[in-house]
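S.K.: Let me give you the structure first, and then I'll get to my questions.
The values are calculated or read from the model by the stated rules, or taken from the named source; none is laboratory data. Given the structure is predicted, the values throughout are model-derived calculations rather than measurements. Backbone-built Cβ (ideal geometry, glycine too); neighbour counts: all protein chains shown.
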Amino acid sequence: MSEQVVTRYKVSERANHWVTAISFILLAASGLALFHPAFFFMNNLLGGGTWSRILHPFIGVVMVVSFFIFATQLWSQNKITAADREWQKHLGDILCNKATQLPEIGKYNIGQKYLFWILVITIALLLVSGVVMWQPWFTPIFPIVLVRLASLVHAIAGFIAILAIIVHIYSAYWVKGSVRGMTRGTVTAAWAKHHHPGWYKDISKGNR
Amino acid sequence: MALQSLDIKARSATTTPSPAVRGEAIKVAKLIDISKCIGCKACQVACMEWNDLRDEVGTNAGTYDNPRDLTDQSWTVMRFAEVEVQAGKLEWLIRKDGCMHCADPGCLKACPAPGAIVQYTNGIVDFHEENCIGCGYCITGCPFNIPRISKKDGKAYKCTLCSDRVAVGMEPACVKTCPTGAILFGSKDDMIHHAEGRITDLKERGYQNAGLYDPSGVGGTHVMYVLQHADQPGLYNNLPKDPHISPMVSLWKGVTKPLASFALGLAVFAGFFHYVTSGPNEVKDEEHTS
């Protein structure tokens, strides 16, 4: 007998997520290559230093478009509520897998919501600063002070985004049963009830 | 191309030591005496000849500056300024612009491509274009606005101080060709000594503020100017008074990067150790039955 499942992500959401994710990996690798010499070998992923420099901004545009369509789809579900703040107080127990009696949270927990807003802000900053740094097309039209500021902002925003994504990838691996939500689009009803009871109630009502 | 006869002191984006067995070389410098320059542009021609560069023929924009700016094909440009430092006394200040070969080069600090920018032990800062990826960070890092990216190949170019000539004991092409002796080349100590004599002479002739331009903000430079008005370098087509690597570039390229890299590595390890100590977050079997 197959287990009862519920839909977590539509096809269009999954497609946008993975376009964003693949772009992000390519951008992080080629970006880190220029961030510190220890990572310079990563430029080989895009075919060497010069190819990385040429391709990185174009991939960036693909990611920005895909990410912001995706973010629009998820926007309303990511507003932080009182239940989320209550849930956050149990974070220590949750991380130790000892949590019981958690507040009823919706489709996303507060960690996921923080990730969402961190990415909205950092990707917006990466877009603006990235355009200013884009050689040879756009950099020459900006004053040098702005180019220097953009370089600094790009590095900081990139660092924060990569750090957030490391946490995101680990969380998906740690919380068993999550990955299939983004690969197949469905999660088990038990998973939904356990991790996102408020959301499960909503969709159950909708189904009846 | 790395020159066997020139040892390397620093390489861009490299965290290990540079080849250094031969020890310190004599520091070289080019001294440009603006008070002797007649603006003939023979140095520009010599630079084109030796380095085999041919810029596009531009248009006259109403000044003697030709070409108007440094380009990938023009590594040195005469910049003409008509100023009245004293009312009624017109002065024609002509500055040969080009790479200053800083002791603390902002281009090298900013460059992310290993070995694309090198600093020789003799002080020359050189671009090795075969390693250049064309990101333009050298322009972002330069306090003098010198490097230019070529539209032809996307690589950055600038004055090499004729490192290939210096490597075999010759002076730079511009020095060799200067008809008035306004450009000199030798050890940095000798050039400073020579400049002192020139400055004394200029002061005797009424240029009270004559002086040497060897800005300490970038650790000194291996291209120095004798200025009639050293108190106002801005007169010479905006030569910066106190050039230094921008604090934004220092922060962007300084200690924050190894720290941030360490933090990323730490985050990955923290995840791994969290998993092996706390275990996965699973939905219990009994919850599945409902």
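S.K.: May I ask you to list the residues in region A:33-52 that are in a helix (DSSP H, G or I) and surrounded by 19 or more Cβ atoms within 10 Å (Cβ to Cβ)?
M.R.: Taking region A:33-52 first, the residues in a helix (DSSP H, G or I) are A:33-35, A:37-46, A:49-52.
Result: A:Ala33, A:Leu34, A:Phe35, A:Pro37, A:Phe39, A:Phe40, A:Asn43, A:Leu46, A:Gly49, A:Thr50, A:Ser52.
S.K.: State which residue is nearest to the other protein chains (Cβ to nearest Cβ) when the search covers only region A:87-117 and only residues that are charged (D, E, K, R) and outside any helix (DSSP H, G or I). Please lay out each step first, then the result.
M.R.: Applying the first criterion (charged (D, E, K, R)) to region A:87-117 yields A:89, A:93, A:98, A:104, A:107, A:113.
Now drop any that are not outside any helix (DSSP H, G or I), which leaves A:89, A:98, A:104, A:107.
Working: A:Lys89: 18, A:Lys98: 9, A:Glu104: 15, A:Lys107: 17 Å.
Out of the qualifying residues, it is A:Lys98.
S.K.: Can you tell which of B:Ser35, B:Ser12, B:Ser18 is touching a helix residue (DSSP H, G or I) at 6+ places or on another chain (Cβ under 9 Å), over 25 Å from B:Ile192 (Cα atoms) and not acidic (Asp, Glu)? Walk me through how you get there before you give the answer.
M.R.: Values: B:Ser35 fails: over 25 Å from B:Ile192 (Cα atoms); B:Ser18 fails: touching a helix residue (DSSP H, G or I) at 6+ places or on another chain (Cβ under 9 Å).
Of B:Ser35, B:Ser12, B:Ser18, the one residue that is touching a helix residue (DSSP H, G or I) at 6+ places or on another chain (Cβ under 9 Å), over 25 Å from B:Ile192 (Cα atoms) and not acidic (Asp, Glu) is B:Ser12.
S.K.: Among the residues of region A:155-162, are any surrounded by 20 or more Cβ atoms within 10 Å (Cβ to Cβ), assigned by TED's automatic domain parsing to the domain that holds A:Val131, in a helix (DSSP H, G or I) and more than 16 Å from the chain's Cα centre (by Cα)?
M.R.: So far as region A:155-162 goes, yes, one or more of its residues are surrounded by 20 or more Cβ atoms within 10 Å (Cβ to Cβ), assigned by TED's automatic domain parsing to the domain that holds A:Val131, in a helix (DSSP H, G or I) and more than 16 Å from the chain's Cα centre (by Cα).
S.K.: Give region A:127-137 a look and list any residue that's at pLDDT 95 or above and surrounded by fewer than 16 Cβ atoms within 10 Å (Cβ to Cβ), or say none.
M.R.: As a first pass, look at region A:127-137 and keep what is at pLDDT 95 or above: A:127-134.
The one that is at pLDDT 95 or above and surrounded by fewer than 16 Cβ atoms within 10 Å (Cβ to Cβ): A:Val128.
S.K.: What number of residues in region B:23-56 are closer than 21 Å to B:Val226 by Cβ and of a type in the set (D, E, K, R)?
M.R.: 5
S.K.: Something else now. Taking only region A:150-208 into account, find how many residues are within 11 Å of chain B (Cβ to nearest Cβ) and among the acidic types (Asp, Glu).
M.R.: Residues in region A:150-208 being within 11 Å of chain B (Cβ to nearest Cβ) and among the acidic types (Asp, Glu): 0 in total.
S.K.: When the residues of region A:5-63 are filtered to those that are of a type in the set (Ser, Thr, Tyr) and under 30 Å from A:Arg184 (Cα atoms), which remaining residue is nearest to the other protein chains (Cβ to nearest Cβ)?
M.R.: Our first condition is that a residue be of a type in the set (Ser, Thr, Tyr); within region A:5-63, this holds for A:7, A:9, A:12, A:20, A:23, A:30, A:50, A:52.
From the residues that got through so far, the ones that are under 30 Å from A:Arg184 (Cα atoms) too are A:7, A:9, A:12, A:20, A:23, A:30.
Working: A:Thr7: 18, A:Tyr9: 18, A:Ser12: 27, A:Thr20: 20, A:Ser23: 19, A:Ser30: 11 Å.
Checked region A:5-63; the qualifying residue nearest to the other protein chains (Cβ to nearest Cβ) is A:Ser30.
S.K.: Check B:Tyr120, B:Tyr137 and return the single one that is crowded, with 24+ Cβ neighbours inside 10 Å, facing chain A (nearest Cβ under 10 Å) and hydroxyl-bearing (Ser, Thr, Tyr). Step through it out loud before you land on a result.
M.R.: Numbers: B:Tyr120 fails: facing chain A (nearest Cβ under 10 Å).
Going through B:Tyr120, B:Tyr137 in turn, the sole match is B:Tyr137.
S.K.: Let me ask another. Select from region B:18-41 the residues that are part of a loop (DSSP other than H, G, I, E, B) and either modelled with pLDDT of 90 or more or of a type in the set (Phe, Trp, Tyr) (or both) and write down the one among them that is surrounded by the most Cβ atoms within 10 Å (Cβ to Cβ).
M.R.: Here is the first cut: in region B:18-41, the ones part of a loop (DSSP other than H, G, I, E, B) are B:18-27, B:37-41.
With the extra rule that they be either modelled with pLDDT of 90 or more or of a type in the set (Phe, Trp, Tyr) (or both), the set shrinks to B:26-27, B:37-41.
Details: B:Ile26: 12, B:Lys27: 17, B:Cys37: 21, B:Ile38: 12, B:Gly39: 16, B:Cys40: 15, B:Lys41: 17.
For region B:18-41, the residue satisfying everything is B:Cys37.
S.K.: Is region B:236-250 home to any residue that is facing another protein chain (nearest Cβ under 9 Å), closer than 18 Å to A:Ile144 by Cβ and touching a residue at least 40 places away in the same chain (Cβ under 8 Å)?
M.R.: Yes; the residues of region B:236-250 include at least one that is facing another protein chain (nearest Cβ under 9 Å), closer than 18 Å to A:Ile144 by Cβ and touching a residue at least 40 places away in the same chain (Cβ under 8 Å).
S.K.: Which pairs turn up if I take residues in region A:4-31 that are among the acidic types (Asp, Glu) and look for partners that are surrounded by fewer than 17 Cβ atoms within 10 Å (Cβ to Cβ) with beta carbon separation below 7 Å, at least 6 apart in sequence or on another chain?
M.R.: Once the first residue is among the acidic types (Asp, Glu) and sits in region A:4-31, its partners that are surrounded by fewer than 17 Cβ atoms within 10 Å (Cβ to Cβ) give A:Glu13/A:Gln73.
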